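Written below as structure tokens is the structure these notes are about.
The numbers here are math on the coordinates, done by the rules we state, and not lab data. A quick note: this is a predicted structure, and the numbers were derived from the prediction, not measured. Heads up, the Cβs are rebuilt from the backbone with ideal geometry, glycines too, and the neighbour counts pull from every protein chain shown.
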Amino acid sequence: MTDRLTDTERNEQIGPLLRSGWKMADGREAIHKTYTFKNFVEAFGFMTRAAIWAEKLNHHPEWSNVYKTVEVTLTTHDVDGLSALDAKLGAKMDKLAGG
């Protein structure tokens, strides 16, 4: 079972993501980031690669795509907040996006 991050764990695991462009979502314990790509094909390719990792982690993002922009929100619904899975998937998504 996945556990909700403590304040200390959140600072350690989510802190680096916040420094790389992720933001705390308004009104809930979640993180959000907007990725902008060169075109739709690159955006969709990113989503496809990220989807494979989401399946491997059994942790799925809330996301949307409009043309070259992908909006992502990560939270762990089972714990009603952030978990290590959010930190792992967020870091992986940054790598996949080239960041």
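Mind putting together the pair-distance distribution for segment 54-99? All Cα pairs, 10 Å bins, whole percent per bin, short to long. Computed distribution, short to long bins: 25, 56, 18, 1. Relative to the Cα centre, the charge distribution of segment 8-48, modelled as +1 at Lys and Arg Cβ and -1 at Asp and Glu Cβ, gives a dipole magnitude of about 140 debye. With the charge dipole of the chain set up from +1 on Lys and Arg Cβ and -1 on Asp and Glu Cβ about the Cα centre, the Cα lying farthest toward the positive end among the listed residues PHE44, HIS32, SER20 is that of PHE44. Residue by residue, segment 71-85 carries 3J(HN,Hα) couplings of 9, 10, 10, 10, 7, 10, 4, 4, 10, 6, x, 8, 10, 4, 4 Hz when phi is fed to the Karplus relation 6.51 cos²θ - 1.76 cosθ + 1.60 (θ = phi - 60°); x denotes Gly or Pro.
Rounded to the nearest 20, the Cβ-based charge dipole of segment 40-99 about its Cα centre (Lys and Arg +1, Asp and Glu -1) stands at 320 debye. In the chain, inverting the average of 1/r over every pair of distinct C-alpha atoms gives 13.5 Å as the Kirkwood radius. So for the chain, taking the charge dipole from beta-carbon charges (+1 Lys/Arg, -1 Asp/Glu), which of THR76, TRP53, VAL66 sits furthest toward the positive end? About the Cα centre, the residue reaching furthest to the positive side is VAL66.
What percent do you get for the relative contact order of segment 18-78 when only Cα pairs under 8 Å and 6+ apart count? List each step's numbers first, then the result.
Numbers: 79 pairs, mean separation 23.1, N = 61.
Result for segment 18-78 is 38 percent.
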